[in-house]
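Peer 1: The structure is given below, and queries will be raised subsequently.
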Amino acid sequence: MARAVTVATCALNQWALDFDGNLERILRSIEIAKHKGARYRLGPELEICGYGCSDHYYESDTLLHSFQVLAKLLESPAAQDIICDVGMPVMHRNIRYSCRVIFLNKKILLIRPKMILANSGNYRELRWFTPWSRTRHVEEYFLPRMIQEVTGQETVPFGDAVLATKDTCLGTEICEELWAPNSPHIEMGLDGVEIFTNSSGSHHVLQKAYIRVDLVNSATAKNGGIYILANQKGCDGDRLYYDGCAMISVNGDTVAQGSQFSLDDVEVLVATLDLEDVRTYRAEISSRNLLASRVNSYPRVKVNFALSCSDEICVSISEPIQWRYHSPEEEICLGPACWLWDYLRRSKQAGFLLPLSGGTDSSATACIVYSMCHQVCLAVKNGNQGVLTDVRRIVNEDTYTPEVPQEFCRRIFTTCYMASENSSQDTRNRAKFLAEQIGSYHINLNIDVAVKAIVGIFSIVMGKSPQFRVYGGSSRENLALQNVQARLRMVLAYLFAQLSLWARGMPGGLLVLGSANVDESLRGYLTKYDCSSADLNPIGGISKTDLKSFLQYCIENFQLTSLRSILSALPTAELEPLADGQVSQIDEMDMGMTYAELSIYGKLRKVAKAGPYSMFCKLINMWKEICSPREVASKVKHFFRMYSVNRHKMTTLTPAYHAENYSPDDNRFDLRPFLYNSAWSWQFRCIDKQVSKLESKEAKPLCEDVD
């Protein structure tokens, strides 16, 4: 009896519409899988075209080129004598589906369309695809002529079916189907499917790996079986980072774990598993067997091929392992760093420029770039030739090999402290010290001449000179003078990004990095078109609280001791005049709320779907020990006024790494109006009524005590 089967899954760094690169990576994964003895290879969702094609799915070119790549795969000698499971869009009877195309030895065995589509958060699959709704139903699919010429087939099965090989039975799930309450693996397992496969396009969110791993292990713990998950990895052209974590699970235990963050474009996991372990596990679960006796059968596509080999006595079976999770600080350190690396090498730029203020946010951004340099040096040390090739192209030196992160950092990372008369010596020193420790090429400059020139133009034209509040100016004057400084820093950042390498006799330009955190974006505590406006923002989806924890992690793991003074300093924009040489402007005083409160508001607004009234109702219980109902009401009202007045700033927000489910990103994750009635009259009246009721209830017992 056949027992030991060897299967492979992978995480591929695919890139939307990069058909040449995607084909090369798919073929390389197949070759590695075969070399390691696998008889089945699974790849990520929509791997042929890349998951993030978005509205390019509407184009017939995307379908055409996907089939052209499929033809190359079918013809490739590497893809012989192994079942290959690849993802691509397919149009059937004028309906577009996200599909798995499963083939063996130049013959397509089955095209399996996705049945449950992801359509929340960052996912918009219903915009481009239709779910296959006919369970356990198979139709004929007429192949394009280019595929017919390779396979000799005119039609192939299309629909909800499973594969029956000589020794086992395989069933397919696609990404979201694992996350659904009625996952197909439940019924497939009851019908005798022993190996479940899942091709995913699942992006990173802080601590999401726990949920993904638990779903996979739970799927096989209750029903028995082998679960194989593949996922995309890297930045494929937008705000998301797909975080790999390919895995193989048996009967509730993980037996193979892929990396969550790495610079390897192709990662293949192979495991050898005993089918008898599945059969004996299932045989003693009586409740499962009673349900299985009543299940409706799936159509089976018979495959004259075995996943097991004839000589299996000495085959080593993969043993269970303990999944190694990253801490949130590690995820912040690694995820955005890998995202930046993909963007840098694929944009063909020469590095990054960051306005470094000496505060928490810009320092965290600098540390992420330093982490990227650290990952690059580590990858090169471990023999990653692809990373070394990219490095040499970026620095324009064919013989260069990065060995020390600081040295590589100096070549590709420029930091710039842009002082004004309102800047303190403390922040200047903190920026300089951090730049020295990470190795960046650091520039100090003063923007006062430019600020006076801009304000001078206004004064000449309008005949009036605005003043800061401390010098008798109005709030409007005070804010305008702050905004001039902030916006000039953005203009100068782009000027230096374009020409600083030219001035140093080096080729290329730099990508400008922004450093507005998720809390400030939500509150709108930023100047529109200031240094928050950049090419990329690696911390735009991360809260101030998490960033502080990340900086502490950098102190301990990278020995960046300069971060201690940055962490201990009060956050300040330094846009108003100093008082006796000391900072007088503090962020939390300006905002009228703390960063800790902002983080709570953000989670309640987005994750808990709370409007003003619901947020008030939740917070009066959360904060009952520290705030009266009237104080809670005041805080909630202030937040929603500021949020709604500043929501327009989200429409121009710099593309930011998506890291949290309470992100206010207006692009596609958090779709809201940007012109609100900021009075919230009806909503705030509801809050006021509740405050009055609560206060009257508190007053009654007090009156009784007095009597």
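Peer 1: Among the aspartates and glutamates, which have Cα under 13 Å from the Cα of residue 34 when same-chain residues fewer than 8 positions away are ignored?
Peer 2: The qualifying aspartates and glutamates are 81.
Peer 1: A follow-up question, please. Rounded, prolate or oblate: pick one for region 506-592, where a ≥ b ≥ c are the square roots of the eigenvalues of its C-alpha gyration tensor, a/c under 1.5 means rounded, and failing that, prolate if a/b is larger than b/c, else oblate.
Peer 2: Working: a/c = 1.42, a/b = 1.10, b/c = 1.29.
In terms of gyration-tensor shape, rounded.
Peer 1: Write down the accessible area per residue of region 376-496 in Å², having rolled a 1.4 Å probe over the full set of protein chains. List each step's numbers first, then the result.
Peer 2: Working: 6430 Å² over 121 residues.
Averaged over the residues of region 376-496, the accessible area is 53 Å².
Peer 1: If r is the Cβ-Cβ distance from residue 296 to residue 694 and R0 is 51 Å, what FRET efficiency results, to the nearest 0.05? Walk me through the intermediate numbers first.
Peer 2: On the way: r = 56 Å, r/R0 = 1.09.
Calculated transfer efficiency: 0.35.
Peer 1: To continue, here is another question. In percent, how large is the relative contact order of region 1-155, given Cα pairs closer than 8 Å and 6 or more residues apart? Working shown, then result.
Peer 2: Values: 263 pairs, mean separation 28.8, N = 155.
Dividing the mean separation by the residue count of region 1-155 yields 19 percent.
Peer 1: Taking the simple approach of a point 7 Å from Cα along Cα-to-Cβ for both residue 557 and residue 471, what is their distance in nm?
Peer 2: It works out to 4.6 nm between the two label points.
Peer 1: Can you give the accessible area of residue 179, probe radius 1.4 Å, in Å² rounded to 10?
Peer 2: Residue 179 exposes around 80 Å² with every protein chain in place.
Peer 1: In Å², and per residue, what accessible area does region 549-643 have when probed at 1.4 Å with the other protein chains present? Can you show the working numbers first?
Peer 2: Working: 4450 Å² over 95 residues.
Result: 47 Å² of accessible area for each residue.
Peer 1: So for the pair residue 480, residue 648, with labels modelled 7 Å out along Cα→Cβ, what separation do we get in nm?
Peer 2: It works out to 1.6 nm between the two label points.
Peer 1: Over the heavy atoms of residue 264, what accessible area does a 1.4 Å probe trace out, to the nearest 10 Å²?
Peer 2: About 70 Å², rounded to the nearest 10.
Peer 1: Probe 1.4 Å, all protein chains in place: accessible area of residue 459 in Å², nearest 10?
Peer 2: It works out to around 30 Å².
Peer 1: Restricting to region 2-138, what percent of DSSP beta bridges are antiparallel, rounded to 5? Intermediate results must be reported in sequence, preceding the final value.
Peer 2: On the way: 15 of 21 bridges.
Here the antiparallel bridges make up roughly 70 percent for region 2-138.
Peer 1: Now a separate question. Could you tell me what percent of the DSSP beta bridges with both partners in the chain are antiparallel, to the nearest 5?
Peer 2: Values: 44 of 81 bridges.
Percentage antiparallel, nearest 5: 55.
Peer 1: Now, a different point. Quick check: from the Cα gyration tensor, does region 422-474 come out rounded (a/c under 1.5), prolate or oblate?
Peer 2: It comes out oblate by the Cα gyration axes.
Peer 1: Return one whole number: the accessible area per residue of region 1-100 in Å², for a 1.4 Å probe.
Peer 2: Values: 3460 Å² over 100 residues.
Accessible area per residue: 35 Å².
Peer 1: Go through 124, 294 and list them by solvent-accessible area, largest first, probe radius 1.4 Å. Intermediate values should be presented prior to the final figure.
Peer 2: Values: 124 60, 294 165 Å².
From most accessible down to least: 294, 124.
Peer 1: Between helix 385-395 and the chain, what is the angle of the helix's C-alpha long axis to the longest principal axis, kept within 0 to 90° and rounded to the nearest 10?
Peer 2: Helix 385-395 sits at roughly 30 degrees to that axis.
Peer 1: Okay, next question. Going by accessible area, probe 1.4 Å, with all protein chains left in place, what is the ranking of 504, 393, 346, 685, largest first? Show your work: numbers first, answer last.
Peer 2: On the way: 504 75, 393 95, 346 35, 685 115 Å².
From most accessible down to least: 685, 393, 504, 346.
Peer 1: Which percent of the accessible area of the chain is formed by carbon and sulfur heavy atoms (probe 1.4 angstrom)? If you can, show how the numbers build up before the last one.
Peer 2: Working: 15520 of 29360 Å².
C and S fraction of accessible area: 53 percent.
Peer 1: Mind putting a number on the dipole of the chain about its Cα centre? Charges go on the C-beta only, +1 for Lys and Arg and -1 for Asp and Glu, and I need it in Debye to the nearest 20.
Peer 2: Values: 75 positive and 80 negative charges, 291 e Å.
Dipole size: approximately 1400 debye.
Peer 1: What does the charge add up to near residue 618, with Lys and Arg as +1, Asp and Glu as -1, over the other residues with Cβ less than 12 Å from its Cβ?
Peer 2: For residues surrounding residue 618, the net value is +4.
Peer 1: Also, I was wondering about something else. Please name whichever of 254, 174, 185 sits farthest to the positive end of the charge dipole of region 149-262, dipole taken about the Cα centre and charges placed at Cβ: Lys and Arg +1, Asp and Glu -1.
Peer 2: Sorting the options by dipole projection puts first 254.
Peer 1: Now for a different question. Past the 24 Å Cα-Cα mark, which pairs from 36/166; 233/302; 548/603; 603/635; 544/693? All intermediate terms of the calculation are to be shown ahead of the outcome.
Peer 2: Numbers: 36/166 21 Å; 233/302 33 Å; 548/603 18 Å; 603/635 15 Å; 544/693 36 Å.
Result: 233/302; 544/693 exceed 24 Å.
Peer 1: Given Cα pairs under 8 Å that are at least 6 residues apart, what percent is the relative contact order of region 578-691? Write down the numbers at each step before the final one.
Peer 2: Numbers: 82 pairs, mean separation 33.8, N = 114.
Relative contact order, region 578-691: 30 percent.
Peer 1: Place a +1 charge on the Cβ of each Lys and Arg in region 628-674 and a -1 charge on the Cβ of each Asp and Glu, then give the dipole magnitude about the Cα centre in debye, rounded to the nearest 20.
Peer 2: On the way: 8 positive and 5 negative charges, 60 e Å.
For region 628-674, the charge dipole is close to 280 debye.
Peer 1: What is the extension gain from residue 674 to residue 120, computed as 0.36 nm multiplied by their sequence separation minus the C-alpha to C-alpha distance, in nm to one decimal? Provide the component values of the computation, followed by the final result.
Peer 2: On the way: separation 554, 0.36 × 554 = 199.44 nm, distance 2.05 nm.
Between residue 674 and residue 120, full extension yields 197.4 nm more.
Peer 1: With a Förster radius of 30 Å, plug the Cβ-Cβ distance of residue 286 and residue 306 into 1/(1 + (r/R0)^6) and report the FRET value to the nearest 0.05. Spell out each step's value before the answer.
Peer 2: Working: r = 30 Å, r/R0 = 1.01.
So the FRET efficiency works out to roughly 0.50.
Peer 1: Quick check: with the 1.4 Å probe, what order do 471, 343 take by accessible area, largest first?
Peer 2: Working: 471 145, 343 80 Å².
So the residues, ranked largest to smallest area, are 471, 343.
Peer 1: Compute the acute angle (0 to 90°) between the alpha-carbon long axis of helix 425-438 and the principal axis of greatest extent of the alpha-carbon atoms of the chain; round to the nearest 10°.
Peer 2: 30
Peer 1: Just want the answer: with Cβ charges of +1 for Lys and Arg and -1 for Asp and Glu, which residue in 293, 360, 593 is farthest toward the dipole's positive end in the chain?
Peer 2: Farthest towards the positive pole: 593.
Peer 1: If the chain between residue 455 and residue 94 were fully stretched, how many nm would it gain, using 0.36 nm times the residue separation less the Cα-Cα distance?
Peer 2: On the way: separation 361, 0.36 × 361 = 129.96 nm, distance 6.06 nm.
Length difference between fully extended and current span is 123.9 nm.
Peer 1: Helix-only mean residue ellipticity at 222 nm, the chain, DSSP H runs n ≥ 4 weighted -39,500 (n - 2.57), per residue, nearest 500. What is it? All intermediate terms of the calculation are to be shown ahead of the outcome.
Peer 2: Details: 24 runs with 301 residues, N = 707.
Here the helix-only value at 222 nm equals -13500 deg cm²/dmol.
Peer 1: Can you compute the charge dipole magnitude of region 303-362 about its Cα centre, using +1 on each Lys and Arg Cβ and -1 on each Asp and Glu Cβ, nothing else charged? Give it in debye, rounded to the nearest 20. Present the calculation step by step, with values, prior to reporting the outcome.
Peer 2: Values: 4 positive and 8 negative charges, 91 e Å.
Here the size comes out at about 440 debye.
Peer 1: Compute the length gained on full extension between residue 389 and residue 443: take 0.36 nm times their separation in residues and subtract their Cα-Cα distance, giving the result in nm to one decimal.
Peer 2: Values: separation 54, 0.36 × 54 = 19.44 nm, distance 2.88 nm.
Full-extension gain reported as 16.6 nm.
Peer 1: Check the straight Cα-Cα distances from residue 618 and name the aspartates and glutamates below 16 Å, setting aside those fewer than 8 residues away within the same chain.
Peer 2: The qualifying aspartates and glutamates are 597, 631, 688.
Peer 1: Tell me the relative contact order for the chain as a rounded percent, counting alpha carbon contacts under 8 Å between residues six or more apart. Intermediate values should be presented prior to the final figure.
Peer 2: Working: 1402 pairs, mean separation 78.7, N = 707.
Contact order relative to length: 11 percent.
The values are calculated or read from the model by the stated rules, or taken from the named source; none is laboratory data. A quick note: this is a predicted structure, and the numbers were derived from the prediction, not measured. A quick note on method: Cβ atoms are made from the backbone with ideal geometry, for glycine too, and the neighbour counts reach across all protein chains shown. For the accessible areas, the whole protein counts, side chains as well, though only heavy atoms, and no ligand, DNA or RNA atoms are used. Shrake-Rupley method; radii C 1.70, N 1.55, O 1.52, S 1.80 Å.
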